[in-house]
Structures are given as structure tokens and as C-alpha cells.
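Here the structure comes first, spelled out in C-alpha cells, and everything after it is commentary.
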Amino acid sequence: MPGKEKMVIVGGSPLEGEVHVSGGKNTSVAVIPATLLCDEPCTIENLPDIDDVRALVDILRSLGAVVDYEPGEFMKVDPRPANGYQVGYRDAQRLRASYYLIGALLGRQGRAEVAFPGGCKIGQRPIDQHLKGFNALGAETDERGGTIIAEAEELNGSDVFFDMVTVGGTINVMLAACKAMGTTVLHNAAKEPHIVDLANFLNSMGANVRGAGTDLIRIKGTPYLHGSTYAVIPDQIETGTLMIAAAATHGDVVITGCIPTHMEALSAKLLEMGVRVTDSDDAIRVRISSAHRAVNVKTQVYPGFPTDLQQPMSALLTTAHGTSIIQETIFESRFKHMDELIRMGAQIRVVDRTAIIEGVPQLLGAPVTATDLRAGAALLVAGLMAKGETEIYEPEYIDRGYEHIEKKLRALGASIRRESIES
Ligand code: EPZ
């Protein structure tokens, strides 16, 4: 169903000034379901006010939890009255992370019926590894009518060997394992910052999760989890998108409230291009002194170059001097935005999971359409760097992962606004 609004950007002005990064989307969508494992009320802070967070508020309330959500302030969750175990199609489709309710509900009450999740169409995105983990803990799982059904009389700790590194699988099985009897060991676990953040939140409730951030995570089941007040980490991908936008507009931007060590793969790549990146404790300054050089990018699991930054990065590379090659190794269909960049004058050839980008002097504004969240971010960067006006249709995708992004960019000097589309 076409969206009701478009984003309009008049590009060409350098971004300059200071911007504060919001709390992380991918950590928030794991920590919020995790509150269902608690036996007392919890308070979560620093949550970004984005559609994915609001969707999870609705889902927790539909399960019976009492949620007091003050956007930009806090979210208080009292899970005690939550005795629901079903998440229907409409709710589950609103975001990818709705499937974390399976692990949380299994851990909480041994039963979950959750419709298949939504999320960005960047590949087939099966959940076989999640189900393999739940089965290892003793849960019966089935899929009927587009709904995942998981049940367990009791969960028992076990070894789980993931066939590939999966962020969602690691998180989902970690949630269920927190309440399993005995010890669970996750092998070949994902190491993303938001996995460490989730482990820290679980441990703040009295759980026993060790090794998060490495590929071996040990979880000792804990029958009772006490309340906690916890602030989620800043958003690694928003930080990276803002860094890329600063470089792409030949600006000078200080991004505050971020964690520079989470950004090392991108910072190294930008330095390789000739961009000036300066870290301090909780801020990163990005400036560009001269033209930026073409580089090669290969997406990898953390701490490699994040697949979520591949799309915004491709916009920056369209005007780099020389030929850049992007290899997308994580998802099989994450280049849909390349056609839109070509409409803006980019010279890109896609062969399977490789994109070859010949640098051009400048992009030109054009009407384009976002096809997923980070494709939208790529078009946002392209619109900021292009000469003339760019209209981005389906900007709702961007709202799923970037809090108040227009306000932040306007404060840095961008000409960006929302307009309704005449019906
Ligand atoms: C999470 O997706 C993120 N989403 C994605 O961010 C991110 O791109 C991805 O991790 C990788 O970092 C959230 O955290 C909500 P995976 P997820 O399981 O968990 C395959 C964004 O823009 N796989 O690590 O779905 C899978 O198909 C979003 O914020 C299986 O085959 O990613 C993919 O090819 C987009 N079977 C690869 O593994 C499984 O059971 C990595 O997927 C699970 C995964």
C-alpha cells in the first residue's frame, strides 16, 4: 500500500555541527521482550522513539503486561499480569524482532504461538537456527498457518551449535536459556554489541550469562529474576549512518553519545578513503579534507564491516575517485537500492552478491523509493550529497530505525522535510 508521505531533500550543503545519537534499535528490540522473563517490574531507559519500539509496546500490552511508555524518557514494564502467549499476524508483521517473543515466552511460561515476523526483505531470512536452539533446550516446535508454535513442559540447559553466526538465533535462544534448568552453552554465537547489551541487561536482573561478545556464551538458568533499571547502548548503525552522511556531504560533524570502539570497521574504511575520523571517549568527529578515494567493502559479522552499513556506504562510494567493490556476504538480496542510486546518476553494476561502483563527479536529485530500512538510509545519504532535489517515497521504512532523523539532519544544516502525497 503506497505510503502517504514523501521525504524531500535539497542536497549539496555540507553537514556541520554536533549531533547526539539515539539508543540502539537492535538492542532495544531484544531488551524489551526480555522484560517478560522478569518476575518483577523493570524500567528501560535511552530507548529510541521509533516504530519498532512502539510495535513492541503494543505486543507486550496484548500479552497482558502493564507498560508505561514515555517516549524519550523511559519504559516501565510490569510483566506479572502477562499470561498471554499468542502474537498474531498483524502485530508480528510490524517488525522482524517480534520473533524474540518466542524465546521470551518459552522462558516465561513454556508456551508461545507467534506469527512469522516481518522485517526488511533483504533475503529469505529463515529461522531454522532459532528452532534448532529451542529444540535443544527440550521445546517442541511446529509451524502451522504461518505461525510458529513452541511448547516445553520444562526447559533443560544444553549445548547449541549454530550452523552459521546468527544475531537473532543467538538472542532468541539466550532468552529461553535464561530460565532453563542447568547450563546452556551457545557455540558459534554472534558477537554484536547488542548481544553484549542484552546479556548485561539479563545479568542486571540476576541472570547468569557469561561470554557475551565472544563466540561461546554460557547461560546458567535462574528461576527468579528481580527488577532492574537499565539504559540501552547507543545505536551503532545510526552512528555509522551519520558518519557516512558527514563524509558524503564533505562536512564536519561531531557525533556525541556514541561508542567509538563499536565503529572500528567503518572508521578504518573511511580513513582508507581519505576521510578524517577522530575518536574521543564518547564521540567521533568526521571531516573530509579532499576528494575521497574508492575502496573495497566486504560485509562480515561483528567486528567486521556491518551489513547494515553496506547500503549507506554504497551511496558514499558513488562519488569516490576510482572503482569500489562491495561484497554482501550476509544477506542474499541487499542491493535493491542500487537501482535507485543509478536513477540519481550513479554508475553501478551488480553481479550476484557483488556491486561494482565507478565513481562519478556528482549525483543528481531524483524521485526514488525506499525498499527497506537501510536502503532508505542509503537514499537519505544520496539525497544529501546530490545536486538538486530528491524525493524519497516510502520514507516510513526510515522511521523504523532512525529516531527524529529529519530534525537531527536539519540541525546539521540539511534542507530536508516531509510532504504529504496528493492522493
Ligand atoms: C539482525 O537480523 C538485525 N536485525 C539486522 O538488522 C542485521 O542486518 C542482522 O542481524 C545481521 O547483523 C535485528 O537485530 C532486528 P541473522 P537477523 O540471524 O537476526 C541466516 C537492520 O537494518 N540465518 O544474523 O535476522 C540469515 O538468513 C536489520 O537493522 C539462517 O539461515 O540476522 C542471514 O543470511 C536488517 N537461519 C544470516 O543468517 C537462521 O535461523 C544472518 O542472519 C537465522 C539466520
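Each reported figure results from applying straightforward, stated rules to the coordinates on display, with no laboratory input. Quick caveat: nothing in here was measured; it's all calculated off a predicted structure. Backbone-built Cβ (ideal geometry, glycine too); neighbour counts: all protein chains shown.
Report, in debye and to the nearest 20, how large the dipole of the chain comes out about its Cα centre when Lys and Arg carry +1 and Asp and Glu carry -1 on their Cβ.
Approximately 600 debye in magnitude.
Quantify how much of the Cα-Cα distance distribution of the chain extends past 34 Å, in percent.
Result: 30 percent of Cα pairs exceed 34 Å.
Using Cα pairs under 8 angstrom and six or more residues apart, how large is the relative contact order of the chain, in percent?
Relative CO of the chain lands at 21 percent.
May I ask which residue of TYR393, THR222, ALA30 lies farthest towards the positive end of the charge dipole of the chain, with charges of +1 (Lys, Arg) and -1 (Asp, Glu) on Cβ and the Cα centre as origin?
TYR393
Report the FRET efficiency, 1/(1 + (r/R0)^6), for MET181 and ARG80, where r is their Cβ-Cβ distance and R0 is 22 Å, rounded to 0.05.
On the way: r = 22 Å, r/R0 = 1.00.
Once rounded, the FRET efficiency stands at 0.50.
Note the angle between two axes, namely the Cα long axis of helix 25-34 and the longest principal axis of the Cα atoms of the chain, as a number of degrees from 0 to 90, rounded to the nearest 10.
Once rounded, one gets 10 degrees.
Find which of GLY72, VAL209, HIS292 sits farthest along the positive direction of the dipole of the chain, computed with +1 on the beta-carbon of Lys and Arg, -1 on that of Asp and Glu, about the Cα centre.
So the residue we want is HIS292.
For region 336-423, state which GluC sites (Glu not before Pro) are in a DSSP loop and have at most 13 other beta carbons lying within 10 Å of their beta carbon.
Passing sites in region 336-423 are GLU422.
Do you know the relative contact order of region 25-231, to the nearest whole percent, from alpha carbon pairs under 8 angstrom that are 6+ apart?
Relative contact order for region 25-231 comes out at 21 percent.
Treat each spin label as a single point 7 Å out from the Cα along the C-beta direction, and report the ARG343 to ARG144 distance in nm.
A separation of 4.4 nm, rounded to one decimal place.
Using a 10 Å cut-off on Cβ atoms, rank the peptides 276-284, 365-373 from the highest mean neighbour count down.
Values: 276-284: 14.9, 365-373: 21.9.
Highest-to-lowest ranking by the protection proxy: 365-373, 276-284.
Under unit Cβ charges (Lys, Arg +1; Asp, Glu -1), what dipole magnitude, rounded to 20 debye, does region 300-362 have relative to its Cα centre?
Dipole of region 300-362, to the nearest 20 debye: 60 debye.
Sorted by packing (mean other beta-carbon atoms within 10 Å per residue), highest first, where do 300-311, 95-106 land?
95-106, 300-311
Modelled label-to-label distance, ILE356 and TYR224, 7 Å Cα→beta-carbon offset: nm?
My value for the distance between the label points is 6.5 nm.
Using the crude model of +1 on Lys and Arg Cβ and -1 on Asp and Glu Cβ, and no other charge, please compute the dipole size for region 25-231 relative to its Cα centre, in debye to 20.
220 debye
Place the peptides 13-22, 112-121 in order of packing, highest mean first, counting for every residue the other Cβ atoms within 10 Å and averaging per peptide.
Most protected by this proxy first, the peptides run 112-121, 13-22.
Placing +1 on the Cβ of each Lys and Arg and -1 on the Cβ of each Asp and Glu in the chain, which of ILE325, SER158, PHE116 has its Cα farthest towards the positive end of the resulting dipole?
ILE325
Can you tell me the equivalent ellipsoid semi-axes for region 1-111? Use √(5λ) from the Cα gyration tensor, largest first, whole Å.
One finds semi-axes of 31, 18, 11 Å for region 1-111.
How big is region 25-231 in terms of Cα radius of gyration and Dmax, in angstroms?
According to the Cα coordinates of region 25-231, Rg and Dmax are 15.1, 40 Å.
Using a Debye calculation, one point per C-alpha and no hydration shell, please list log10 I(q)/I(0) for region 287-423 at q = 0.11, 0.15, 0.19, 0.21 Å⁻¹ in order.
Relative scattering, expressed as log10 I(q)/I(0), comes to -0.38, -0.72, -1.15, -1.37.
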